[in-house]
1. Do you know the Lys pair count in the stretch 173-324 for C-alpha distances under 17 Å, with sequence separation 8 or more or different chains?
2. Which loop-located chymotrypsin sites (Phe, Trp or Tyr not before Pro) does the stretch 256-324 contain, where loop means any DSSP state but H, G, I, E or B and the Cβ has at most 16 other Cβ atoms within 10 Å?
3. Treating the beta-carbon of each Lys and Arg as +1 and of each Asp and Glu as -1, no other charges, what is the dipole magnitude of the chain about its Cα centre, to the nearest 20 debye?
4. What aspartates and glutamates does Lys15 reach when the alpha-carbon gap must be under 12 Å and sequence neighbours fewer than 8 apart in one chain are set aside?
5. Under 16 Å from the Cα of Lys107, which aspartates and glutamates turn up, not counting those fewer than eight places away in the same chain?
6. Loop only per DSSP, at most 16 neighbouring Cβ atoms within 10 Å: give me the trypsin sites (Lys or Arg not before Pro) in the stretch 49-142, ordered by residue number.
7. Once you have the Cα-Cα distance between Glu49 and Thr164, take 0.36 nm times their residue separation minus that, and quote the gain in nm to one decimal.
8. Given the pairs Lys101/Lys128; Lys70/Lys128; Lys80/Lys112, which span a C-alpha to C-alpha distance of over 31 angstrom in this model?
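Derivation of every value follows stated rules applied to the coordinates shown; laboratory data play no part. All values derive from a computational prediction rather than experimental measurement. Here Cβ is always computed from backbone atoms with ideal geometry, including for glycine, and neighbour counts include all displayed protein chains.
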Amino acid sequence: MEPIQFISDHFIEEKCNFKELIERLRAGFSTSDIKVPMRHHHDYSNPEESKDSTLLLMPAFQAGKDLGVKIVTVSPNNGKYDLPSIQGTYIYLDGHKGNIKAILDAKSLTGKRTAATSALASSYLSRKDASSMLMIGTGTLAVNLIQAHASVRPIKEVYVWGRTFEKAQLVCDALKNSSLICKPVSTIVEVISKVDIISAATLSPVPLVLGKWLRAGQHVDLVGAYKKDMREADDEAVLKSSLFLDTYQGGLKESGDILIPLTNGIITKENIKADLFELCSNAKQGRTSYDEITYFKSVGHALEDLVAAGYFYEEYNLKTQQNA
């Protein structure tokens, strides 16, 4: 039996090519061969924090080829322990024989596939000449989202807002060797109306992207607010926008950004224009006009993990062969 490979966060960070990963995801979302059961989402009490944590189990399989499952915990207060709020492991298996091929650190795997998925959506939804971006949030995803969006659009200027100016500066510092001009900002309102793409990846329970600030032609990319009572954009932003999801399966059920306006009758399911399966298979169209405001909500999908795990497994084996 082949030994089980361990693919570290360091390897994933070093070997990720966003353009390649985005195209792998485009192919994955355009096929019906990958089967994804509804993920298990379990909130559990965390008495020491007086705030619930979450356990996610995300399986996916492609018959006869490969399968995998990601085990993730989300602990919102982990920042005070200098730990990421999202932690996990991915188990990648042979779809024919059932043996484990690799175990991957899920932190970087999730960061890379999530950012690549947002950029994939942006390739259909943002304006082709989009050159500026506001990143709301300074967590693990921030740098990844900026890099991924910049791989599909000619982004030159990036603004970063976070809970502290210092954290926003750290994100910009991480990009100092790139071609991007990156600036931290003290408030969202000072730049949100000026940029072409707005990306948010936060655990905020209240909206940070307000519809009154949006202007024609912008693309809104919402990655945080993973629970039913959390949201990053308000009702006005929803009403002003053409709405898209990563998947109907999760997008209509798991995040307050869509579920709350649905429940309150602000929108109906018919207001959702398309999901990534429809966009990538050309069954439905993305942006239809230069002035349209597009709104993409991502909650994460196990297909993304399986595709990304396969990509990094191939890269790992390629490196092993080269070093042999």
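1. Lysine pair count for the stretch 173-324: 20.
2. Loop-located and lightly packed - Tyr290.
3. Here the size comes out at about 440 debye.
4. Excluding near neighbours in sequence, the set is Glu314, Glu315.
5. Here the aspartates and glutamates satisfying the reach criterion relative to Lys107 are Asp9, Glu13, Glu14, Asp82, Glu304, Asp305.
6. Hits after loop and neighbour filter: Lys51, Lys65, Lys97, Lys128.
7. 39.2 nm
8. The pairs that break the limit, which is 31 Å between Cα atoms, are Lys101/Lys128; Lys70/Lys128.
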